[in-house]
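The values are calculated or read from the model by the stated rules, or taken from the named source; none is laboratory data. The shown structure was predicted, so the numbers you read here are calculated from the model rather than taken from an experiment. Here Cβ is always computed from backbone atoms with ideal geometry, including for glycine, and neighbour counts include all displayed protein chains. Note: areas computed on protein heavy atoms with side chains; ligands, DNA, RNA excluded. Shrake-Rupley method; radii C 1.70, N 1.55, O 1.52, S 1.80 Å.
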Amino acid sequence: MAIKDYLRQRFFPHIWCPGCGHGIVLSSLLHAVEELGLAKNDIVMTSGIGCSARISGYVDFHSLHTLHGRALAFATGVKLAKPALNLLVPMGDGDALAIGGNHFIHAARRNINITAIVMNNRIYGMTGGQFSPLSGCGKRATTAPFLTIDQEFDVVKLAKAAGASFVARSTTYHAKESTLYLKKAIMHKGFSVVEILSQCPTHYGRKNKEGDAPDMLELYKDTTAKLGSKALEKNPDLIPRGIFVEEERGEYCEEYDKLVDKAMGGAR
Amino acid sequence: MKNNIRFVQGNEACVEGALYAGLNFYAGYPITPSTEIAESLSGRLPRAGGKFIQMEDEIASMCAIIGASLTGKKVMTATSGPGFSLKQEAIGYACMAEIPCVIANVQRGGPSTGNPTHVSQGDVNQARWGTHGDHGIIALTASNHQDVFAITVDAFNLAETYRTPVILLLDEAIGHMREKLVIPEEGALPIVDRLRTSVGKGVDYHPYLPREDGRLPMSDFGDVHRYNVTGLFHDMWGFPSNNPRVVNELLHHIVDKIENNVHSITRHKEHFLEDADYVMVSYGSSARSAIHLAKNRRKRGEKIGVLELQSIWPFPTAMIREKCSGAKAVIVVEMNMGQVLAQVKSAVDHPENVFLANRIDGELITPTDIKQLLRVIQGRGV
């Protein structure tokens, strides 16, 4: 199937600004789905609120555009009710880790078979450029005229500590690498997290002197390095990309069924 | 049926009703005085082939049942005041996206953490207007366990019929009190199942295009129709729209589908009402005291009766006006500062003859409490 067959073309044009990285994330994700040969009827995409969340409207899957921060809570209900479905949950950085932080760590703790994609542009874009829990210190935002003093979360470390059994990071510059990680994440049995750094030239790039979209993409090339690479060894300040966690652990819906079977002594 | 008689708490009667109605997915978070509902379902539901999950918070519980409902399950959560506050945004989502679900609120004293976990009926207005924006809502209540069972079944039926959240407005006294419950035979009470679309694969399905009768057939997530569900105003495909015509029509639809069907949604019971000069309007555990008082006063020849509400929202304005039209005085008996009182006053022809008999101190209102007010109204002294 062609990539366009996974899109609801009648709902285009999309709302994203010129140069936004979210379209690249969408493309990486659809390539992953296409290469895995997943049936559209078996996929449910839930999303929250924000620029990132609009992604669910554009894909030809079952789509659930929910409340700010709550995409994983809705997804948990869908998944436990019908475990055969594949759950894809793209979220923005504020969506996933500020207002939705509790659901993020608890979905990871349960190790429920859902793929969470953090589209990290380090800013609240839809509301006009306020700093997020992933902006980091010393950044300029509309609510930080004197620069931010907030420490950022490291999504990889947080997901790992909370119990996610698959954790990876890539960027929109590395679109094919993103597809590879997304494929592995979707096939992984358990809670998987893929963080994809995604540029917001409109609200983050301009304010923080990172230039326009091509410059920001170049920056992802220059400031990141693959796990185990010489570049990373030489310069540990680079942001590591790669697969950080890939573990086999009991998946929530399967454990649930096993438990009930045991409790009922095979009477089910 | 054998073994169909139980001696149970009201919360357990609610569980029995929910299972009878076909509940197969529950998500919740512990909060007194509703916790017995979750405790009971954690064992009962998996045995019945359903799913139970304890979520990380009240908000997640509400969101999870909405997600599960979209896969075709009958879903429920239960909570009390503080948790009911937290669920409000997602209840509004269920109103907007028209997702059938049932929310039991076993009321305790508020605001805030309030008076845990003493009885109250202070969430009547929150059940109506807890979530933001105009919307229709259904809230049911009951004063004894047989009725708790029946209105719980009704709650699921109405949620499916109108594709809407339904609030079960119980209270601590009903929730924790034990009394007899006779579980009806299978088939004795009608059950409304999910209305699914007959539109076949490959044909354009419009999830948000109402039929002539106003109902919207659904398609389960995972089935052949892939559509969008959103809390934004949306067109007939479920895709976001801010077209003024679309916004106007959808808002009218979600309000009118409830308000235009008040006659078939609302429920009430009449106790000694035929020739009553004094009409007590009450609901939930308060109604038990009102009924007790009416029985005693009838023995003395007094013409007094009780109009017991089993649904509060949509408010049965026309019925209240009719039933109270011949009364010398109407006494609203409730455990709050007059939330149903205000509705009754606006419904009747003579609001100056409507009085409030209430308690707000965490103690159950007694027949004596009501009698004292009645004596004043009747001019028999304090």
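Counting only heavy atoms of protein chains, what accessible area per residue, in Å², does segment A:1-68 have with a probe of 1.4 Å? Walk me through the intermediate numbers first.
Numbers: 2330 Å² over 68 residues.
Here the per-residue accessible area is 34 Å².
Taking the Cα centre of the protein assembly as shown as origin and charging only Cβ (+1 Lys, Arg; -1 Asp, Glu), how large is the dipole, in debye to the nearest 20? Please report the intermediate quantities before stating the final value.
Working: 70 positive and 69 negative charges, 80 e Å.
Rounded to the nearest 20 debye, it is 380 debye.
Which lysines have a Cα less than 17 Å from the Cα of A:LYS157, not counting those fewer than 8 places away in the same chain?
A:LYS157 reaches A:LYS226.
Report the Cα centroid-to-centroid distance between segment B:170-189 and segment B:256-288 in angstrom, as an integer.
19 Å
Positive end of the dipole of segment A:71-225, charges at C-beta (+1 Lys, Arg; -1 Asp, Glu), about the Cα centre: which of A:THR142, A:ALA159, A:ALA98 has its Cα farthest in that direction?
Farthest towards the positive pole: A:ALA159.
Read phi for every residue in segment A:33-40 and hand back ³J(HN,Hα) as whole Hz from Karplus 6.51 cos²θ - 1.76 cosθ + 1.60, θ = phi - 60°, with x for Gly and Pro.
Values per residue, Gly and Pro as x: 4, 5, 5, 7, x, 6, 7, 4 Hz.
Give me the percent of the accessible area of segment B:1-83 that comes from carbon and sulfur atoms, probe 1.4 Å, all protein chains in place.
On the way: 1160 of 2440 Å².
Within segment B:1-83, the accessible surface is 48 percent carbon and sulfur.
Of all the accessible heavy-atom surface of segment A:16-263, with the other protein chains kept in place and a 1.4 Å probe, what percent is carbon and sulfur?
On the way: 5270 of 9460 Å².
The value for segment A:16-263 is 56 percent carbon and sulfur by accessible area.
Give A:LYS79/A:LYS183; A:LYS183/A:LYS230; A:LYS189/A:LYS258 a once-over and call out the pairs whose C-alpha atoms are over 22 Å from each other.
On the way: A:LYS79/A:LYS183 19 Å; A:LYS183/A:LYS230 26 Å; A:LYS189/A:LYS258 16 Å.
From A:LYS79/A:LYS183; A:LYS183/A:LYS230; A:LYS189/A:LYS258, over 22 Å: A:LYS183/A:LYS230.
Interface B/A, total buried accessible area with a 1.4 Å probe, nearest 100 Å²?
Numbers: alone 16300 and 12590 Å², together 25540 Å².
The contact between A and B buries close to 3300 Å².
From the protein chains alone at 1.4 Å, what is the descending order of accessible area for A:LYS4, A:LYS230, B:LYS371, A:LYS79, largest first? Don't skip to the end; give the middle numbers.
Values: A:LYS4 115, A:LYS230 160, B:LYS371 75, A:LYS79 10 Å².
These residues rank, largest area first, as A:LYS230, A:LYS4, B:LYS371, A:LYS79.
Given springs between every Cα pair under 10 Å in a Gaussian network model of chain B, which of B:PRO217, B:PRO33, B:PRO240 has the largest fluctuation?
B:PRO240
Just the ratio, please: alpha-carbon radius of gyration of segment A:74-170 over 2.2 N^0.38 Å, N its number of residues. Working shown, then result.
Numbers: Rg = 14.7 Å, N = 97, 2.2 N^0.38 = 12.5 Å.
After normalising by residue count via 2.2 N^0.38 Å, the value is 1.17.
Which three extents, in angstrom, do the Cα atoms of segment A:200-268 have along their principal axes, listed largest first?
Principal extents (Cα only, largest first): 65, 33, 15 Å.
If amide hydrogens are placed 1.01 Å from N in the peptide plane, which non-local residues have theirs closer than 5 Å to the one on B:VAL354?
Here B:VAL330 satisfy the definition.
Straight-line reach from B:LYS299: which lysines have a Cα under 27 Å away, not including same-chain ones fewer than 8 places off?
Straight-distance partners of B:LYS299: B:LYS180, B:LYS269, B:LYS323, B:LYS328, B:LYS371.
Hey, any idea what % of segment B:238-382's accessible area is carbon plus sulfur with a 1.4 Å probe? Provide the component values of the computation, followed by the final result.
Values: 3350 of 6750 Å².
Summing carbon and sulfur atoms, their accessible area is 50 percent of the total for segment B:238-382.
Please compute the alpha carbon radius of gyration of segment B:290-381, then divide it by the globular-protein estimate 2.2 N^0.38 Å. Two decimals is fine.
On the way: Rg = 12.9 Å, N = 92, 2.2 N^0.38 = 12.3 Å.
It is 1.06.
At 1.4 Å probe size, with every protein chain present, just tell me what the per residue accessible area of segment A:138-268 comes to in Å². Write out the running numbers ahead of the final one.
On the way: 7160 Å² over 131 residues.
Solvent-accessible surface per residue comes out at 55 Å².
Enter the accessible area of A:CYS137 (Å², nearest 10), with the probe set to 1.4 Å and all protein chains included.
60 Å²
Any idea what the relative contact order of chain B is, in percent, if you count C-alpha pairs under 8 Å spaced at least 6 apart?
Numbers: 818 pairs, mean separation 60.8, N = 382.
Once divided by the residue count of chain B, the mean separation gives 16 percent.
Please compute the Kirkwood hydrodynamic radius of segment A:115-268 from all pairs of different C-alpha atoms, in Å with one decimal. Walk me through the numbers on the way to the answer.
On the way: mean 1/r = 0.0577 Å⁻¹.
It works out to 17.3 Å.
Looking at segment A:180-268, which GluC sites (Glu not before Pro) are DSSP coil and have at most 11 other C-beta atoms within 10 Å of their C-beta? Walk me through the numbers on the way to the answer.
Details: sites: A:GLU195, A:GLU210, A:GLU218, A:GLU233, A:GLU246, A:GLU247, A:GLU248, A:GLU251, A:GLU254, A:GLU255; in loops: A:GLU210, A:GLU247, A:GLU248, A:GLU251.
Those satisfying the criteria are A:GLU248.
Along the charge dipole of the protein assembly as shown, which of B:PRO207, B:GLY301, A:PRO214 sits closest to the positive end, that is, farthest toward it, with unit charges on the beta carbon of Lys, Arg, Asp and Glu (+1, +1, -1, -1)?
With unit charges placed on the Cβ atoms, the residue in question is B:GLY301.
For the full complex of protein chains and a 1.4 angstrom probe, list B:TRP313, B:TRP129, B:TRP237 by accessible area with the highest value first.
Numbers: B:TRP313 10, B:TRP129 135, B:TRP237 65 Å².
Final ranking, largest accessible area leading: B:TRP129, B:TRP237, B:TRP313.
Can you list the residues, at least 5 places off or on another chain, whose amide H is less than 5 Å from the amide H of A:CYS51, using H built in the peptide plane?
Hits under the 5 Å cutoff: A:GLY125, A:MET126.
Please build a GNM for chain A, connecting alpha carbons under 10 Å apart, and tell me which residue among A:LEU217, A:LEU182, A:LEU88 fluctuates the most.
A:LEU217
Share of Cα-Cα pairs in the protein assembly as shown beyond 39 Å, in percent?
Values: 78998 of 210925 pairs.
More than 39 Å apart: 37 percent of the Cα pairs in the protein assembly as shown.
In a GNM of chain B with a 10 Å cut-off on Cα contacts, which of B:GLY231, B:GLY122, B:GLY175 has the highest mean-square fluctuation?
Maximum among the listed residues: B:GLY231.
Counting only other residues whose beta carbon sits under 14 Å from that of A:ARG10, what net charge do I get with K and R as +1, D and E as -1?
Details: positive: A:LYS4, A:ARG8, B:ARG226; negative: A:ASP5, A:ASP60, B:ASP204, B:ASP235.
Local net charge: -1.
Counting other Cβ atoms within 10 Å, keep those with at most 14, restrict to DSSP loop, and tell me which GluC sites (Glu not before Pro) in segment B:132-210 are left. Can you show the working numbers first?
Numbers: sites: B:GLU160, B:GLU172, B:GLU179, B:GLU185, B:GLU186; in loops: B:GLU185, B:GLU186.
Loop-located and lightly packed - B:GLU185, B:GLU186.
Keeping every protein chain in place, order B:HIS118, B:HIS292, A:HIS188 by accessible area at 1.4 Å, biggest value first, i.e. largest first. Before the final figure, lay out each step's value.
On the way: B:HIS118 75, B:HIS292 95, A:HIS188 15 Å².
The residues order as B:HIS292, B:HIS118, A:HIS188, largest area first.
May I ask you to give the average projected area over all directions of the convex hull of the Cα atoms of segment B:233-328, in nm² rounded to one decimal?
Values: hull surface 32.7 nm².
Over every viewing direction, the Cα hull of segment B:233-328 projects on average to 8.2 nm².
At what distance in angstrom do the alpha carbon centres of segment A:10-30 and segment B:1-38 lie from each other?
Here the answer is 46 Å between Cα centres.
So for segment A:156-268: antiparallel DSSP bridges make up what percent, rounded to the nearest 5? It would help to have the intermediate numbers written out before the result.
On the way: 4 of 13 bridges.
Antiparallel bridges make up about 30 percent of those DSSP assigns within segment A:156-268.
Taking a cut-off of 31 Å, what percent of all Cα-Cα pairs in segment B:1-265 are separated by more than that?
Above the 31 Å cut-off, segment B:1-265 has 23 percent of its Cα pairs.
For segment B:1-145, I need the span (max minus min coordinate) of the C-alpha atoms along each principal axis, in Å, sorted largest to smallest.
The Cα atoms of segment B:1-145 stretch 47, 36, 27 Å along the principal axes, largest first.
Can you show me the helix-derived [θ] at 222 nm for chain B, built from DSSP H runs with n ≥ 4 at -39,500 (n - 2.57) apiece and divided by the number of residues, rounded to the nearest 500.
Values: 13 runs with 147 residues, N = 382.
Computed ellipticity for chain B at 222 nm equals -11500 deg cm²/dmol.
Using amide H atoms built in the peptide plane, which far-off residues or other-chain residues are under 5 Å from A:GLU195 H to H?
The list, which skips near neighbours in sequence, is A:VAL118, A:ALA168, A:ARG169, A:SER170.
Treating chain A as a set of equal point scatterers at the Cα positions, no solvent, please give the Debye-formula log₁₀ I(q)/I(0) at q = 0.17 Å⁻¹.
-1.38
Quick one: which of B:LYS87/B:LYS345; A:LYS40/B:LYS73; A:LYS160/A:LYS207 span more than 23 angstrom between C-alpha atoms? Numbers along the way, then the final one.
On the way: B:LYS87/B:LYS345 30 Å; A:LYS40/B:LYS73 21 Å; A:LYS160/A:LYS207 32 Å.
With Cα atoms farther than 23 Å apart: B:LYS87/B:LYS345; A:LYS160/A:LYS207.
Dividing the convex hull volume of the alpha carbon atoms of segment B:1-66 by its residue count, what do you get in Å³ per residue? Present the calculation step by step, with values, prior to reporting the outcome.
Details: hull volume 5.8 nm³, N = 66.
Value for segment B:1-66: 87 Å³ per residue.
Might you work out the accessible area of B:HIS176 for me, using a 1.4 Å probe with all protein chains in place, and round it to the nearest 10 Å²?
For B:HIS176, the solvent-accessible surface is approximately 50 Å².
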